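Step one of this worksheet: look at the structure below.
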Amino acid sequence: VPDESTSIVTLTVEEKGVEVRQPGLTNWEPAVSGMEVGEGWSVRTDASGRATIGFFGQGESRMSENTEVSITAAMLDERNPSNVDVGIELGAGRVWSRVLKLFDLDSSYSVKTSAVVATVRGTSFDVEARTDGTTVVTVNESAVDLAPDRSAVDASPDALAAGYEASYGSDGRLIARAEISDEVRNASWFRLNTASDDAFVAAERDRRLDALKRLDGPRQDSVF
């Protein structure tokens, strides 16, 4: 199957109130929906803003209101498009990520807060960095590997399966773990993102099927 996924990282403004900061600069500028961003960029939303960052057709991270993130890694191997490296640092607020299955062993998609680093190979999960320094991770599909961000802290790596949420202290230690409650599942943020997950996967499936149809038989260098 030809991989025609875009080799860029794009920012979509879902609700007005989104700003960006370019690498090496201190000033924030209004974001333009569809603009290209990348490693070193920062994005923030105000009390009414929402935004989606799309990574190479492999995954997307959706920012809630009053959220600020920095893109610490955004690498796509042009020779091997299945090899991606995505890193997001969540300074404040909430980010929901949907990642397609990453088959390449060198691929990585992670969301980091001041307390923990959540790394996945293909899943749907939510990370919230609260004002008190705690982090709450909710896993909707598959599983998430979690590790304390501060190496000096005596806290062990953890894993969280689908259907569970866990909270971690500012020192990276596990505070509590429980099944996702009905209240969380019925909240507008959860329902909005599960619907968006389905739309993202369906769009990628259709795009790749269209790419197959355009092959129109074997290529000149094909073994066939």
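The values are calculated or read from the model by the stated rules, or taken from the named source; none is laboratory data. The structure displayed is predicted, hence computed values, not measured ones. Reconstructed Cβ throughout: ideal geometry from the backbone, glycine too, with neighbour counts over all protein chains shown. For accessibility, only protein heavy atoms count, side chains too; no ligands or nucleic acids. Shrake-Rupley method; radii C 1.70, N 1.55, O 1.52, S 1.80 Å.
Odds and ends about this structure:
- Expected 222 nm ellipticity per residue - DSSP helices of 4 or more, -39500 (n - 2.57), all of the chain, to 500: -4500 deg cm²/dmol
- Taking all protein chains as they are arranged and a probe of 1.4 Å, the heavy atoms of D149 leave approximately 50 Å² accessible to solvent.
- FRET efficiency for the D206 to I180 pair, using the beta carbon distance and R₀ = 30 Å, is estimated at 0.55.
- Relative contact order (percent, whole number), the chain, Cα cutoff 8 Å, 6+ residue spacing: 13 percent
- Taking all protein chains as shown and a probe of 1.4 angstrom, I88 keeps an accessible surface of around 10 Å².
- Summarising the label geometry, the points placed 7 Å from Cα in the beta-carbon direction at T26 and D132 lie 3.4 nm from one another.
- Reachable lysines, given that their alpha-carbon falls under 22 Å from the alpha-carbon of K101 and they are not under 8 places away in the same chain: K112
- Computed lengthening from S33 to S48, 0.36 nm per intervening residue step minus Cα-Cα distance: 3.9 nm
- Legend: residues V95, V201, sorted from most to least accessible area (1.4 Å probe; ligands, DNA and RNA excluded), read V201, V95.
- Accessible surface of Y164 - all protein chains present, 1.4 Å probe, nearest 10 Å²: 80 Å²
- Tilt relative to the chain, helix 188-213 - C-alpha long axis, 0 to 90 degrees, to 10: 20 degrees
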